[in-house]
Amino acid sequence: VRAQLKILAPDSLAREFPDTHGFVYGTTATFGAPMYGERVIGRLVYGESKGGNHCTEDDYDLNLPAADAARDVEKGAEPDLINVVLVRRGGCAFVEKVLVAQSKRAHAVVVVDRETSDADSEDIQKIVMSDNGHGHKVRIPSLLISRFEGQKLVDAARRGNVVVELAWDIPVQVVVADFWMSSGSRESGEFLERFRYAAETLKYYMQFNPHYHIFSLPEGDASSSHLCAKAVDSCAECVLEVNRYCGTDPDGPGPVTGGDVVNEDLRQLCVWNVTAARASAAGGAFYSQAFWDYAVCFLKSCSLRGTRADKRFD
């Protein structure tokens, strides 16, 4: 997704970008959900690196206004003028760099490409700001811009106040995301918990399709019958074929069976199918807030390791 930064003040800085009329274009990180469809105004803040490439908290200091000193982005504070922190690329992963800025009360991060890079704005927009596996910890948006444009912003921020507007346009097309999972897999549940923030942000612009791993076994295989559902919970009239709907056993000799997993998979799929809807008849993706609420609540409340029957899986 292309991100854009518009220079609002000073006018002298905006005039340094005549070809784009004061706009700077970059590429958006794949972690930390952007503020799609919104335009936020902030101040550029730059702290000189002490040699660590902005990769650690003690590598640089930020001179933030006193009014923001008590604010904490992790608690959802929304100041009128957000802190947009400038950092240099290199030395560590994008995620690490943004996490450090986030801990220093940044509300958005602009990463300036390496000083040795020859990539221009068009080249930068082809680069992927990838997740290193810890992107779920990031709660703020970030973007990468070329060093040519970035250096002008850094120099201006050193001289005085720079006010910018950040914008991430809502995608005009629906993105399709298919996810294969099992309710008996904790990894699947943890992914849904992390992905929920992005899903709630994109909503009707992302078609999320849940798929569950169900398989069949030979009808005469009695040794594996515990893997298969023998009935559908709360449906006395539902008759299942022997060994037709089976799931993996998530806890080995524990009390939860593959049949329990099948029933929970069915329950989650039912929540999605019954509650997912489009925003309007005009089209767009189907979205279900109830599904995401249920998935996260289930992960936290129905542990496979639960000792109490009313707090255990199924």
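General remarks:
- The lone exception for Asn53 - which of (1) more than 17 Å from Arg147 (Cβ to Cβ); (2) open to solvent by 10 Å² or more (accessible area, probe 1.4 Å); (3) at pLDDT 95 or above it fails: (1)
- Segment 270-282, subset touching a helix residue (DSSP H, G or I) at 6+ places or on another chain (Cβ under 9 Å) and not charged (D, E, K, R), residue farthest from Leu227 (Cα to Cα): Ser280
- Scanning segment 154-184 for residues that are free of Cβ contacts under 8 Å to residues at least 60 places away in the same chain, open to solvent by less than 60 Å² (accessible area, probe 1.4 Å) and part of a strand (DSSP E or B) gives Ala177, Phe179, Met181.
- Arg196, sole failed condition from (1) out of contact with any Phe, Trp or Tyr (no Cβ under 6 Å at 6 or more places or on another chain); (2) among the charged types (D, E, K, R); (3) surrounded by 13 or more Cβ atoms within 10 Å (Cβ to Cβ): (1)
- Condition broken by Ala276, with the remaining ones in (1) open to solvent by 70 Å² or more (accessible area, probe 1.4 Å); (2) free of Cβ contacts under 8 Å to residues at least 24 places away in the same chain; (3) of a type in the set (A, V, I, L, M); (4) within 19 Å of Asn209 (Cβ to Cβ) satisfied: (1)
- Segment 236-283, residues that are modelled with pLDDT of 90 or more and among the small types (Gly, Ala, Ser): Gly247, Gly258, Gly259, Ala276, Ala277
- The residue that is least open to solvent (accessible area, probe 1.4 Å), counting only those in segment 135-153 that are in a helix (DSSP H, G or I) and modelled with pLDDT under 95, is Gly135.
- Scanning segment 56-86 for residues that are open to solvent by 30 Å² or more (accessible area, probe 1.4 Å), of a type outside the set (Asp, Glu) and part of a helix (DSSP H, G or I), we see that the one that is modelled with the highest pLDDT is Ala66.
- Residue count for segment 94-134 satisfying the condition of being part of a loop (DSSP other than H, G, I, E, B), in contact (Cβ under 8 Å) with a residue 40 or more places away in the chain and of a type in the set (A, V, I, L, M): 3.
- Lys203 satisfies every condition listed in (1) on the phi > 0 side of the Ramachandran plot; (2) exposed (fewer than 14 other Cβ atoms within 10 Å of the Cβ); (3) not hydrophobic (A, V, I, L, M, F, W, C) except (2).
- When the criteria are applied in full, Gln268 meets the requirement of being among the polar types (S, T, N, Q), under 30 Å from Arg194 (Cα atoms) and open to solvent by less than 60 Å² (accessible area, probe 1.4 Å).
- Residue in segment 21-30 that is touching a residue at least 12 places away in the same chain (Cβ under 8 Å) and assigned to a helix (DSSP H, G or I) present: no
- Residue list for segment 233-253, filter: open to solvent by 30 Å² or more (accessible area, probe 1.4 Å) and out of contact with any helix residue (DSSP H, G or I) (no Cβ under 7 Å at 6 or more places or on another chain): Ser234, Ala236, Glu237, Cys238, Val239, Leu240, Glu241, Val242, Arg244, Asp251, Gly252, Pro253
The values are calculated or read from the model by the stated rules, or taken from the named source; none is laboratory data. Because the structure is predicted, anything quoted here is derived from the model rather than measured. Heads up, the Cβs are rebuilt from the backbone with ideal geometry, glycines too, and the neighbour counts pull from every protein chain shown. Please note that ligands, DNA and RNA were not included when accessible areas were found on the heavy atoms of the full protein model with its side chains. Shrake-Rupley method; radii C 1.70, N 1.55, O 1.52, S 1.80 Å.
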